[in-house]
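Here's the structure, in structure tokens; my notes come after.
What follows is calculated from the coordinates using simple rules that are stated; it is not laboratory data. Since we're looking at a predicted model, the values are computed, not measured. Please note: Cβ atoms are built from the backbone with ideal geometry, for glycine as well, and neighbour counts cover all protein chains shown.
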Amino acid sequence: MTKPLWAPWRLEYIQAADEQEGCVFCLAAEGDDEEKLVVHRGRHAFVLLNKFPYSSGHLMVAPFRHGVEFGDLDDEEALEIHRLAAQALDALRRTAEPHGFNLGWNIGRAAGAGVIDHVHLHAVPRWGGDTNFMPVLADVKVLPEALEDTRRKLAEAWPP
Ligand SMILES: [Zn+2]
């Protein structure tokens, strides 16, 4: 068993999410791709970079619909989220050559969800040895320029 990722800066995210006006996913869905770090848009769901990542290239796939429970996603949303996650892995493989991935849903604040009203699937690239989080810590204070650069690379590498 690998150790769980420990990401202290996520606390800042969870606190910020509590204070933020509006939903980060809805704001991203309505906003500018570059500014909101949206990597790809489908018909029912879209993919964006996490501003407070567990690791470099941490992506999230979310339906456009707000306030839907995980179990109430319709078939089209569920299928597209799955397909977008698979494409996200492809794009990450092409750009960052990770050794593995964690895919997961955090349902509820107690499970680590920063945003509880807008379900989303995390796709987190992993590298051998990153559980000592030294390579991860290099990204702790992720510069906005670094995120913009990563967004552009992933968007360009997105599979057809
Ligand atoms: Zn929302």
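Some points to look at:
- Cβ crowding within 10 Å averaged over residues, with 113-125, 27-39 ranked highest first: 113-125, 27-39
- FRET efficiency, W127 to H66 (Cβ-Cβ, R0 35 Å, nearest 0.05): 0.55
- Sequence-distant contacts, meaning Cα pairs under 8 Å at least 6 residues apart, place the relative contact order of the range 18-63 at 25 percent.
- Net lengthening on full extension, E156/D117 (0.36 nm per residue, minus Cα-Cα): 11.0 nm
- Protection proxy ranking, highest mean first, for peptides 96-108, 58-70: 58-70, 96-108, where packing is the per-residue count of other beta-carbon atoms within 10 Å, averaged.
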